[in-house]
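The values are calculated or read from the model by the stated rules, or taken from the named source; none is laboratory data. Keep in mind the model is a prediction, meaning the values are calculated, not measured. Neighbour counts are summed over all protein chains in view; Cβ atoms, including those assigned to glycine, are modelled from backbone coordinates with ideal geometry.
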Amino acid sequence: MNVSKSSSMRVRLKSKYGTASLTDLDDSITVEEFYKIVNDKVGTGESSNLSVSDLKTGFPPKAVNTANKLLPIQETGIKDGDQVMITFAETGQDASKTSGSAGEKAAVKQDSHSNSDIPHTPIEGSDEFLILRNIPDDNSCIFNSLSYALYGPDAYKPGGQCPPSVLREIVVDTILSRPEVYNEAILGRKVHDYCNWISKKDSWGGAIELGIFAGHFKLQINCLDIESGQFITFENENEKPSSFIILIYSGIHYDVLAANKRLSNSESDKKGDVCLWKLDSLQSHKIKEASLKLCSFLQTQNYSTNTTTFRVRCLVCYKILIGEMGASKHANETGHFNFGEVK
């Protein structure tokens, strides 16, 4: 019989109720035991009416398989150094609290979104709105969102200041210049294969690209994951950035948040968008608070996509695939990278 050796690992926990760092976690404890630690550290304790409903790690966030509560956590895929995002479900909450919560959501929707079909929310203490700017769904949305945030609404378009091809070149150049960081183990394939792949216009970017851009442009990139309602932050820890942007991540697509006094989708008004803000200022806190409020609204509109169960169609051969894993496997096997979600 094989017996797994136990060791300790470092894990960072994050939920809507708080964050905690575990520096000496025994990786042989069971899922059930881990849940108790999670609830104590970033939940509301044993007397709470909350229970852990979902764990995710990585970026894009992927669900951790915790169906077997007796399984050691080292066998669930949670690794040393991971950030684990936790979603709690309410158990036995009384009707008055549930009603109040629903009423609060309704108030957010009414106050912030009733005058326009454009997803937005007011920024506290300001005459500006925080607006969701939709980026085309063309497999380059992560690059186009960054370009929009840094250089304006026309920057990613043909002839613009920073089209996706320029950003893809930055990724390739960074990977090739830092082989000690971006090796086969990190990239998931041979370095030159990855570089050839990400150079193609139909290849999706992800955590690797966001980390590279954060370092290259010396900024903090905050990805707001709609499903979990939490920020996933990318920055160079050795060189503290002074500014930040916020991207909205639906599970399969990236959009960008912008501040503007005019609530409009006209191209002329978009030229007044501000997407880059100073860190650690009063304004930065208000921007992030407004973005979380907008996220809550988007959750009520089913804006997110569960990446483990959504269905996509390959737009090259029209095969139907299940989840991000299915799409990635198909892309690796066929070289087809153009997908569309099946509604």
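If you go through region 134-159 and pick out every residue that is touching a helix residue (DSSP H, G or I) at 6+ places or on another chain (Cβ under 7 Å), modelled with pLDDT under 95 and surrounded by fewer than 21 Cβ atoms within 10 Å (Cβ to Cβ), you end up with 1. Looking across region 223-235, the residues that are in a loop (DSSP other than H, G, I, E, B) and either among the small types (Gly, Ala, Ser) or surrounded by fewer than 17 Cβ atoms within 10 Å (Cβ to Cβ) (or both) come down to 228, 229.
Return the total of residues in region 215-232 being among the aliphatic types (A, V, I, L, M) and over 17 Å from residue 148 (Cβ atoms).
2
One line per residue, one yes/no per condition, for (1) at pLDDT 80 or above; (2) surrounded by 15 or more Cβ atoms within 10 Å (Cβ to Cβ):
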residue: 16; (1), (2): no, no
residue: 19; (1), (2): no, no
residue: 33; (1), (2): yes, yes
residue: 38; (1), (2): yes, yes
residue: 49; (1), (2): no, no
residue: 60; (1), (2): no, yes
residue: 72; (1), (2): yes, yes
residue: 81; (1), (2): no, no
residue: 91; (1), (2): no, no
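Please determine whether any residue of region 174-191 is over 24 Å from residue 316 (Cα atoms) and either acidic (Asp, Glu) or not assigned by TED's automatic domain parsing to the domain that holds residue 272 (or both). Checking region 174-191: at least one residue is over 24 Å from residue 316 (Cα atoms) and either acidic (Asp, Glu) or not assigned by TED's automatic domain parsing to the domain that holds residue 272 (or both).
Checking the conditions here, which among 67, 95 is out of contact with any Pro (no Cβ under 7 Å at 6 or more places or on another chain), more than 26 Å from residue 248 (Cβ to Cβ), among the small types (Gly, Ala, Ser) and modelled with pLDDT of 60 or more?
Just one listed residue meets the conditions, 67.
Annotation: residue 238 fulfils all but one of (1) assigned to a loop (DSSP other than H, G, I, E, B); (2) touching a residue at least 12 places away in the same chain (Cβ under 8 Å); (3) polar (S, T, N, Q); the unmet one is (2).
Taking the listed residues 235, 209, 239, the one that is in the same structural domain as residue 295 (by TED's automatic domain parsing), touching a strand residue (DSSP E or B) at 6+ places or on another chain (Cβ under 6 Å), under 25 Å from residue 284 (Cα atoms) and not hydrophobic (A, V, I, L, M, F, W, C) is 235, with no other qualifying. Note on region 237-251: among residues that are of a type outside the set (Gly, Ala, Ser) and modelled with pLDDT of 90 or more, the one that is nearest to residue 143 (Cα to Cα) is 247. Consider region 263-285 and keep the residues that are part of a loop (DSSP other than H, G, I, E, B) and touching a residue at least 24 places away in the same chain (Cβ under 8 Å). The one that is surrounded by the most Cβ atoms within 10 Å (Cβ to Cβ) is 275. When only residues in region 186-214 that are assigned to a loop (DSSP other than H, G, I, E, B) and over 15 Å from residue 144 (Cα atoms) count, which is modelled with the lowest pLDDT? Only one residue fits best here, namely 188.
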